[in-house]
Every structure is written in C-alpha cells, then in structure tokens.
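Student: Mind having a look at this structure? Questions to follow.
The values are calculated or read from the model by the stated rules, or taken from the named source; none is laboratory data. Note that the coordinates shown come from a computational prediction; the quantities given were computed from them, not determined experimentally. Neighbour counts are summed over all protein chains in view; Cβ atoms, including those assigned to glycine, are modelled from backbone coordinates with ideal geometry. Surface accessibility is based on the protein's heavy atoms, side chains included, excluding ligands, DNA and RNA. Shrake-Rupley method; radii C 1.70, N 1.55, O 1.52, S 1.80 Å.
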Number of protein chains: 2
Amino acid sequence: MYVIMVYDVNEKRVAKILKIARKYLKWVQNSVLEGELSPGKYEKLKLEVSRLIDEKEDSVRFYVMDSQKVFNLETLGVEKGEDGFIF
Amino acid sequence: MYVIMVYDVNEKRVAKILKIARKYLKWVQNSVLEGELSPGKYEKLKLEVSRLIDEKEDSVRFYVMDSQKVFNLETLGVEKGEDGFIF
C-alpha cells in the first residue's frame with residue numbers, strides 16, 4: 001500500500017515526528033512524507049505517532065491507497081525531496 | 001477528479017496562496033487542501049499558483065486522482081478542517 005502522510009504538529013514535536021516518520025516514509029516537502037508500506041509497518045508508524053502527538057492540538061492525516069498508480073503527481077516550483085532535505 | 005494540494009512556500013506568500021487555493025479546494029490542515037475539481041478548474045488553479053510562487057524557492061505538490069474512492073483517509077489527533085480554520 002502507498003501512504004501519503006501530512007502533519008501539523010506543535011513546533012516542539014516537529015523534529016520527533018519527522019524522525020519517526022522518516023523510518024517508514026520518504027520526506028518530500030515540509031510536513032509531507034510518502035512511500036510504500038506494508039500494513040504491519042503502517043500500523044507501527046501510526047502507533048509511534050499516536051504515542052508522540054498531543055491529541056488535542058496536533059493533526060496528522062494519512063492518505064492510504066493501493067499503490068502509487070492511483071494518482072498523478074504534479075509539482076510546481078522546487079522539487080524538495082530527500083536531497084533538498086530541510087525539516 | 002480529486003485533488004490533494006500540499007504547499008511549502010515562503011512565509012510572505014502563504015496568505016496569498018491560501019486565498020487562491022481556497023477558491024478551488026477545502027482547507028483541511030496547515031498547507032493542505034483537497035477537493036473535487038473539474039480538469040478546467042484544476043488548470044486554472046495551477047495557473048494562478050504558478051504566477052504567484054517563486055519557482056526557485058517554493059514547492060507545491062498536487063496529487064491528482066480519479067476520485068476520493070481511491071484512498072482511505074485516517075487521521076490522528078485533531079481534525080482541523082474548514083471549521084478549525086487557521087492559516
């Protein structure tokens with residue numbers, strides 16, 4: 001399955017959530033990671049993130065799809081991605 | 001077609017890009033909007049955004065898919081969305 005993860009968390013937790021997420025997914029833009037994940041790995045990612053965030057303040061969205069083939073990606077401007085990695 | 005738009009732009013342009021994007025899509029989280037769009041409207045959105053951004057600094061990603069049915073959305077923490085609108 002293919003997962004796109006977007007997050008909006010308190011500044012204090014940005015580095016930690018990114019560290020967790022980058023174990024599973026590829027960073028593509030500030031607050032956005034994506035990649036192929038097994039269902040098991042996806043569950044682990046969610047568990048780790050849920051333990052970290054403040055449920056009342058932070059927001060994390062996972063768009064889960066069968067594969068990368070279900071969408072077309074179009075980018076404008078700089079293609080940041082892992083090489084232009086800034087967190 | 002269903003479009004998820006994520007953007008990472010210079011602070012100076014955040015308000016403007018959001019103003020443009022909210023004409024076409026629903027704000028769901030900081031730097032993330034999504035919604036149904038006709039191909040024509042999608043082209044207009046891209047044109048307006050491309051005129052605004054600095055190609056060498058800003059980054060905008062459009063995930064374009066046939067419909068919302070191709071993905072499952074899972075959220076952790078707060079569901080921000082238009083009512084909890086903060087830009």
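Student: Which chain A residue puts its Cβ closest to the axis that rotates A onto B, and at what distance in whole Å?
Tutor: In residue-and-Å form, the answer is A:Val70, 2.
Student: Would you kindly work out, in nm and rounded to one decimal, the distances from the label point of B:Gly40 to those of the same position in each other copy, ordered shortest first, with label points 7 Å along Cα-to-Cβ?
Tutor: Relative to the other copies, B:Gly40 has label-point distances of 5.1 nm.
Student: Once phi is turned into ³J(HN,Hα) by the Karplus curve 6.51 cos²θ - 1.76 cosθ + 1.60 with θ = phi - 60°, what whole-Hz value does each residue of segment A:48-58 show in order, with x for glycine and proline?
Tutor: 4, 5, 5, 6, 8, 6, 9, 4, 8, 10, 8
Student: Let me ask something else. Within chain A, what is the longest stretch that has no GluC sites (Glu not before Pro) placed in a DSSP loop and near at most 15 other beta-carbon atoms within 10 Å?
Tutor: The reported range is A:1-54.
Student: With all protein chains present and a 1.4 Å probe, how do A:Ser59, A:Ser31 order by accessible area, largest first? Working shown, then result.
Tutor: Details: A:Ser59 0, A:Ser31 40 Å².
So the residues, ranked largest to smallest area, are A:Ser31, A:Ser59.
Student: Take peptide A:55-64, look around each residue's Cβ out to 10 angstrom, count Cβ atoms belonging to other protein chains, and average those counts. Present the calculation step by step, with values, prior to reporting the outcome.
Tutor: Numbers: counts 3, 2, 2, 4, 12, 6, 12, 6, 11, 4.
Mean partner-chain Cβ count within 10 Å for A:55-64: 6.
Student: Okay, helix-only estimate at 222 nm for the protein assembly as shown: each DSSP H run of n ≥ 4 adds -39500 (n - 2.57), divide by all residues, round to 500 deg cm²/dmol; what do you get? Write out the running numbers ahead of the final one.
Tutor: On the way: 4 runs with 50 residues, N = 174.
Result for the protein assembly as shown, helices only: -9000 deg cm²/dmol.
Student: A further question on this structure: Any chance you could list P(r) for chain B, counting all Cα-Cα pairs in 5 angstrom bins from zero, rounded to whole %?
Tutor: Pairs per bin, as whole percents: 3, 13, 26, 25, 19, 10, 4, 0.
Student: Same structure again: Out of every Cα pair in the protein assembly as shown, what percent are spaced more than 19 Å from each other?
Tutor: Working: 8297 of 15051 pairs.
Pairs farther apart than 19 Å: 55 percent.
Student: A follow-up question, please. Give, rounded to the nearest 20 debye, the magnitude of the charge dipole that chain A has about its Cα centre when Lys and Arg contribute +1 at Cβ and Asp and Glu contribute -1 at Cβ.
Tutor: Values: 15 positive and 15 negative charges, 74 e Å.
Its charge dipole is roughly 360 debye.
Student: Continuing with the same structure: In nm, one decimal, shortest first: how far is the label point of A:Glu79 (7 Å from Cα along Cα to beta carbon) from the matching points in the other copies?
Tutor: Sorted ascending, the copy-to-copy spacings read 3.5 nm.
Student: What's the total accessible area buried between chains B and A, using a 1.4 Å probe, rounded to the nearest 100 Å²?
Tutor: Details: alone 6070 and 6070 Å², together 8910 Å².
Its buried surface, counting both partners, is about 3200 Å².
Student: Could you pull out every one of the lysines with an alpha carbon less than 27 Å from that of B:Lys23, ignoring same-chain neighbours closer than 8 positions?
Tutor: A:Lys80, B:Lys12, B:Lys41, B:Lys44, B:Lys46, B:Lys56, B:Lys69, B:Lys80
Student: Work from the charge dipole of the protein assembly as shown (Cβ charges, +1 for Lys and Arg, -1 for Asp and Glu, about the Cα centre) and give the residue of A:Ser50, A:Phe62, B:Ala15 farthest towards its positive end.
Tutor: Farthest towards the positive end: B:Ala15.
Student: Would you mind listing the distances between the A:Val14 label point and the same position in each other copy? Use 7 Å along Cα-to-C-beta, nm, one decimal, shortest first.
Tutor: 0.9
Student: Separate question: Could you tell me the calculated FRET efficiency between A:Lys41 and B:Asp66, based on Cβ-Cβ distance and R0 = 30 angstrom, to the nearest 0.05?
Tutor: Numbers: r = 26 Å, r/R0 = 0.88.
Calculated value: 0.70.
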